[in-house]
Every structure is written in structure tokens, then in C-alpha cells.
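Everything below concerns the one structure shown next.
The values are calculated or read from the model by the stated rules, or taken from the named source; none is laboratory data. The model shown is predicted, which means the values in this text are computed figures rather than measured ones. Glycine also receives a Cβ, built like all others from the backbone with ideal geometry; neighbour counts cover every protein chain displayed.
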Amino acid sequence: MTDAIIRDLGEGLIIRHPTSEDAEALAKFNKEIHSEDEWDAKGLEDWTLDLISGESPTVGLGDFTLVEDTRTGEIVSSCCLISQTWSYEGIPFKVGRPELVGTKKAFRRRGLVRQQMDILHQWSEARGQLVQAITGIPYYYRQFGYEMVLNLGGGRSGYKTHVPKLNGDQEEPFTFREADKADIPFLMDTYNHGCQRSLVYAVWNKHLWRYELTGKRQYNLDKRDLYIIEDVAGQPVGFIGIPPLKWGSNSVLMVYELATGFSWSAITPSVIRFLWQIGEKLSEAQNHPKSGLG
Ligand SMILES: CC(C)(COP(=O)(O)OP(=O)(O)OC[C@H]1O[C@@H](n2cnc3c(N)ncnc32)[C@H](O)[C@@H]1OP(=O)(O)O)[C@@H](O)C(=O)NCCC(=O)NCCS
């Protein structure tokens, strides 16, 4: 049963799981609460629909809570718990990731998120998740026991002038093609090899790779378009992942890994040139100014 009431909060408010019939309303809710512009809204819509579609290996309808105002039938607050496996120095452990936490303005500061976090934490404990991790408002989640622990983001950015040029008639030494299911063993080997640089990393099995390649809607905020980097002989040397939506005016490279024995300094100029080309395409399609990459 995914539509059973989880808690009755009184005054017409109930916490329940969504059903598939709530999909559009929940996507609309998340767009309204979380998006900053039209493309962000599209990304949130696709992300929400994907998360509750039942296709994702790590989350489904039963992992969402929503607060319904039964007097109007509207969703006034919602969040979800994404279940993942991370590794600490090679030792896997389960992690629960609360996501898409939001409350409609008129219903804020009434403890609706506090109630739902409590439920998510119970689910997380019951699943044997040792850790909960959240990427959100830095101070807000401290009241629920969260502390700053891991770096979330960071990177380098540049402008057109920084894109390395090929010399004269030099041919591009590395080329890029969209990854497909047949590349999964290569993606997994290469990713796992790259993880050895990190004390903590997310464990990705073949189901997650398959879902990334074939399961997500086009503009899912959480999607990475994966490309295989090949040398002139057509041998795969690494891969990259680019979000299908620009981040403001930037085209972003979120994932970049090379197979054992290949040189970052030899391949990176080609990666930057390719990222710039993708940025130009996205810019045209998504109507952002053509200014940066990051
Ligand atoms: C942040 C947000 C999710 C809080 O939702 P909410 O339902 O109002 O939260 P709650 O009332 O359950 O908050 C729990 C506690 O935090 C306090 N609180 C709520 N919003 C707060 C804020 N902006 N700053 C500081 N404290 C806040 C509440 O007073 C409450 O404390 P109390 O129970 O001791 O009174 C909501 O404001 C929101 O949707 N914001 C826009 C979307 C967003 O930023 N989401 C988070 C993305 S990470």
C-alpha cells in the first residue's frame, strides 16, 4: 500500500505516500517550490517524474512523503528518501539521502518538514542506513542532527579564450561518442579505478549505470549525458558526464575519468574543446548567453 496515511497531523493535514496519480501534482509542486527559471523547472519536473516512476534503482513512490491538505486536496509539503551505497576506504555502507524537501509558503514554519524528516529517519534506520546525507540549506538541517562533513562541489571555470586550440592542421587526438549499454563494463572499471582517489565514494552497480544511460527523462536535473573518449584508433580511454541542462550560462563537466595508464594532461585539452562545443549547442537550445564552461 503506498497511499496509506502515515500520520494524521490534525486540522485536515495528513502525511501519506504519493500514488502514481499524484505524479503530475508532485512534479508541479516541486517546480513551484524549487525552481529558479524555466529550464530549472523542466529539470525538476523530469527529476520528480523519474524518481516516482518506479524505474529508479534507488527510490520509488514508497520513498516519498507528502503532506496533503484534505480540505482542498492540494500537496502542501513533500520530501523523499533516496537509498544509496557509499564506500569508506573500500568498505561499503548504506546511506539515506533526504531530497526535494519543500513546503508551500502558506504552510511554512508549522513543523511539516520536521514531521517528515522524523519519518524519513525512521525509514533510514529500518533500512540499516548508517548515515544520512543531505545537500541543502547549510544551517537549516543542523536542527535535525546534520553537520558539515564532506565537500560537495567546487571546480574550475574558464571562458572561450581559455579553450586550448589545435595547432595548425593538427587533428583532434581524442574524440567523443555517446556511451551506450555495451559500454557499461568499461564505465564501471574506469569509474571504480577513479574512486581509488577518494576516501569516500558512491558505489555504482550495473543497474545504476544502465539507469543513467537509458532510464532517465531528457532534462532530469540529476542526469549526466555520458560520452566515451576515444583515441585515434577508436580505443576507449575514458569517459565524461555532462548535465543536459546548462547551469546558468555555464556548460558543466560533472564527471571525468580516465582508464588506467592514460594521461590527464594529454586528454584534457580535447575534453575542454568538446565541452565548449556542447555548451554552444545547449546554449542555442536553452537560450542562455554563451559565456562560460566549468
Ligand atoms: C526550508 C523549508 C523546507 C522549511 O519547511 P517548513 O515546513 O517550514 O519547515 P518546518 O516548519 O518543519 O521547520 C522545522 C523547524 O525549522 C524552523 N524553520 C523553518 N524554516 C526556517 C528558516 N527558513 N530558517 C530558520 N528556521 C526555520 C521552524 O521554525 C521549525 O522549528 P520549530 O519546530 O522548532 O518551530 C521551506 O521553507 C521551503 O520549502 N523552502 C523553499 C525550498 C527549500 O529551500 N527547500 C530546501 C532545499 S534543501
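Quick look at the values:
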quantity	calculated
Matching option when the condition is more than 30 Å from Glu89 (Cβ to Cβ) and of a type in the set (Gly, Ala, Ser), among Gly261, Gly248	Gly248
Selected residue (criterion: farthest from Pro185 (Cα to Cα)) from residues of segment 217-273 that are aromatic (Phe, Trp, Tyr) and touching a residue at least 60 places away in the same chain (Cβ under 8 Å)	Tyr219
Selection count, segment 24-40, where residues are within 15 Å of the ligand (Cβ to nearest atom), outside any loop (DSSP other than H, G, I, E, B) and at pLDDT below 95	1
Test: residue in segment 220-240 that is of a type in the set (Lys, Arg), in a helix (DSSP H, G or I) and over 14 Å from Val271 (Cβ atoms)	no
Test set (1) at pLDDT 95 or above; (2) among the aliphatic types (A, V, I, L, M); (3) near the ligand (Cβ under 9 Å from one of its atoms) - Ile137 fails condition number	(1)
Any hit, segment 195-205, residues being outside any strand (DSSP E or B), over 22 Å from the mean Cα position of the chain (by Cα) and free of Cβ contacts under 8 Å to residues at least 24 places away in the same chain	no
Residues that are more than 16 Å from the ligand (Cβ to nearest atom), on the phi < 0 side of the Ramachandran plot and surrounded by fewer than 18 Cβ atoms within 10 Å (Cβ to Cβ), drawn from segment 84-121	Thr85, Ser87, Tyr88, Ile91, Pro92, Phe93, Lys94
Close pairs from segment 140-154: first within 14 Å of the ligand (Cβ to nearest atom), partner among the aliphatic types (A, V, I, L, M), Cβ under 7 Å, at least 6 apart	Tyr141/Ile134; Phe144/Met117; Tyr146/Ile134
Answer residue from segment 57-81, given it is in contact with a strand residue (DSSP E or B) (Cβ under 8 Å, 6 or more places away or on another chain) and part of a loop (DSSP other than H, G, I, E, B) and is modelled with the highest pLDDT among those	Thr70
Some residue of segment 186-194 being small (Gly, Ala, Ser), not in a loop (DSSP other than H, G, I, E, B) and not assigned by TED's automatic domain parsing to the domain that holds Trp86	yes
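Per-residue answers, yes or no, for (1) more than 25 Å from His121 (Cβ to Cβ); (2) free of Cβ contacts under 8 Å to residues at least 24 places away in the same chain; (3) not charged (D, E, K, R):
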{"residue": "Ile6", "(1), (2), (3)": "no, no, yes"}
{"residue": "Leu9", "(1), (2), (3)": "no, no, yes"}
{"residue": "Lys28", "(1), (2), (3)": "yes, yes, no"}
{"residue": "Ile33", "(1), (2), (3)": "no, no, yes"}
{"residue": "Glu38", "(1), (2), (3)": "yes, yes, no"}
{"residue": "Ala41", "(1), (2), (3)": "yes, yes, yes"}
{"residue": "Thr48", "(1), (2), (3)": "no, no, yes"}
{"residue": "Gly60", "(1), (2), (3)": "no, yes, yes"}
